[in-house]
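To start, the structure itself, in structure tokens.
The values are calculated or read from the model by the stated rules, or taken from the named source; none is laboratory data. Bear in mind that the values here come from a model prediction, so they are computed numbers and not experimental data. Virtual Cβ from ideal backbone geometry, glycine too; neighbours counted across all protein chains shown.
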Amino acid sequence: MDDYQLRLKQIIKDDPDMLLAMEAVEQLNLNDAWICAGFIRNKAWDRLHHLKTSLNDIDVIYFNEINKSTEKDQTLEKMLGELMPGQPWSVKNQARMHVVSGFPPFQSSKDGVSHFPETATAIAIRKVKQEIDIMAPYGLADLFEMKVKPTPYFQDNKRHKIYIDRIKRKQWQKKWYKLKIEY
């Protein structure tokens with residue numbers, strides 16, 4: 001395990017809300033289920049900037065090719081809301097999320113995460129039998145070195161514009177001034 005994985009695990013262990021969220025997701029017993037994206041990225045950047053920003057959402061992903069309905073995701077959000085009330089749960093089945101950016105169908109949650117726009121966002125965590133599992137297709141260096149750059153899937157002309165527009169819309173540097181953003 002590298003230093004960045006140890007650092008992320010420590011951030012998670014130090015944050016009771018992160019641990020509770022992971023336990024709630026684990027209780028659903030979903031196939032290939034993870035908490036991902038901004039929930040992790042923001043907590044790490046907060047730690048690196050000595051901040052505590054507000055929680056936008058808790059992105060939960062899983063993979064189910066049989067039931068790809070948005071209604072299923074909404075049901076899961078309600079279940080998570082019962083397990084951990086008052087949290088902004090957002091559940092997405094990665095078996096259908098390829099359509100959002102025009103990719104071929106994803107084969108797993110990891111495939112979905114690898115198609116996220118930024119490397120520092122393409123990270124997921126889960127709890128399995130009291131252990132913290134980390135999925136980071138592009139590693140954790142960009143997260144901890146505060147580098148924002150596109151994943152390989154957002155480097156072509158068409159999708160790079162999506163990445164740029166997202167960076168402009170998010171305005172992350174207003175909260176986390178140490179970020180180095182690649183345009």
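Conditions (1) of a type in the set (D, E, K, R); (2) under 15 Å from Ile134 (Cβ atoms), marked per residue:
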| site | (1), (2) |
| --- | --- |
| Asp17 | yes, no |
| Cys36 | no, yes |
| Asn42 | no, no |
| Lys68 | yes, no |
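So which residues in region 148-176 are part of a loop (DSSP other than H, G, I, E, B) and either touching a Leu at 6+ places or on another chain (Cβ under 8 Å) or surrounded by 15 or more Cβ atoms within 10 Å (Cβ to Cβ) (or both), if there are any at all?
As a first pass, look at region 148-176 and keep what is part of a loop (DSSP other than H, G, I, E, B): 149, 151, 155-156, 171, 175-176.
Of everything in region 148-176, those that are part of a loop (DSSP other than H, G, I, E, B) and either touching a Leu at 6+ places or on another chain (Cβ under 8 Å) or surrounded by 15 or more Cβ atoms within 10 Å (Cβ to Cβ) (or both) turn out to be Lys149, Thr151, Lys175, Trp176.
Could you check region 52-102 and list, in sequence order, the residues that are under 30 Å from Gln173 (Cα atoms), loosely packed, with under 12 Cβ neighbours inside 10 Å and among the hydrophobic types (A, V, I, L, M, F, W, C)?
Val99, Val100
Inside region 59-112, can you point out the residues that are farther than 13 Å from Leu30 by Cβ, in a loop (DSSP other than H, G, I, E, B) and either within 14 Å of the chain's Cα centre (by Cα) or of a type in the set (A, V, I, L, M, F, W, C) (or both)?
Passing the criteria: Met84, Pro88, Met97, Phe103, Phe106.
Report, ordered by the first and then the second residue, all pairs with beta carbons closer than 9 Å, sequence separation of six or more or different chains, a first member in region 3-22 that is under 15 Å from Ile58 (Cβ atoms), and a second member that is exposed (fewer than 14 other Cβ atoms within 10 Å of the Cβ).
Close Cβ pairs (under 9 Å, with a partner that is exposed (fewer than 14 other Cβ atoms within 10 Å of the Cβ)) amount to Leu19/Lys13.
Taking region 115-147, which residues are out of contact with any helix residue (DSSP H, G or I) (no Cβ under 7 Å at 6 or more places or on another chain), surrounded by 16 or more Cβ atoms within 10 Å (Cβ to Cβ) and under 14 Å from Ile35 (Cα atoms)?
Within region 115-147, Phe116, Ala136 qualify.
Val128 - would you say it is among the aliphatic types (A, V, I, L, M), within 24 Å of Leu143 (Cα to Cα) and modelled with pLDDT under 95? Break it down stepwise before answering.
On the way: among the aliphatic types (A, V, I, L, M): yes; within 24 Å of Leu143 (Cα to Cα): yes; modelled with pLDDT under 95: yes.
Yes.
For region 19-34, what are the residues that are of a type in the set (A, V, I, L, M, F, W, C) and either closer than 15 Å to Val128 by Cβ or at pLDDT below 95 (or both)? Write out each step before concluding.
Of region 19-34, the ones of a type in the set (A, V, I, L, M, F, W, C) are 19-22, 24-25, 28, 30, 33-34.
Those that are of a type in the set (A, V, I, L, M, F, W, C) and either closer than 15 Å to Val128 by Cβ or at pLDDT below 95 (or both): Leu19, Ala21, Met22, Ala24, Val25, Leu28, Leu30, Ala33, Trp34.
Does His50 meet the test of being of a type outside the set (Val, Ile, Thr), in contact with a Pro (Cβ under 7 Å, 6 or more places away or on another chain) and without any contact (Cβ under 8 Å) to a residue 24 or more places away in the chain?
Values: of a type outside the set (Val, Ile, Thr): yes; in contact with a Pro (Cβ under 7 Å, 6 or more places away or on another chain): no; without any contact (Cβ under 8 Å) to a residue 24 or more places away in the chain: yes.
In short, no.
Taking region 3-52 only, how many residues are in a helix (DSSP H, G or I), in contact with a strand residue (DSSP E or B) (Cβ under 7 Å, 6 or more places away or on another chain) and not hydrophobic (A, V, I, L, M, F, W, C)? Break it down into steps so the answer makes sense when it comes.
At the first step, the residues of region 3-52 found to be in a helix (DSSP H, G or I) are 3-13, 16-27, 38-49.
If we keep only those that are in contact with a strand residue (DSSP E or B) (Cβ under 7 Å, 6 or more places away or on another chain) as well, we get 5, 8-9, 12, 21-23, 25-26, 38-40.
From what is left, the residues that are not hydrophobic (A, V, I, L, M, F, W, C) are 5, 9, 23, 26, 38.
Number of matching residues: 5.
For region 149-164, indicate whether the set of residues that are aliphatic (A, V, I, L, M), touching a residue at least 24 places away in the same chain (Cβ under 8 Å) and closer than 23 Å to Leu30 by Cβ is non-empty. Explain how you work it out, then say what you get.
In the first step, residues of region 149-164 are kept if they are aliphatic (A, V, I, L, M); the result is 162, 164.
Checking which are touching a residue at least 24 places away in the same chain (Cβ under 8 Å) leaves us with 162.
Remaining after also requiring closer than 23 Å to Leu30 by Cβ: none.
There is no residue in region 149-164 that is aliphatic (A, V, I, L, M), touching a residue at least 24 places away in the same chain (Cβ under 8 Å) and closer than 23 Å to Leu30 by Cβ.
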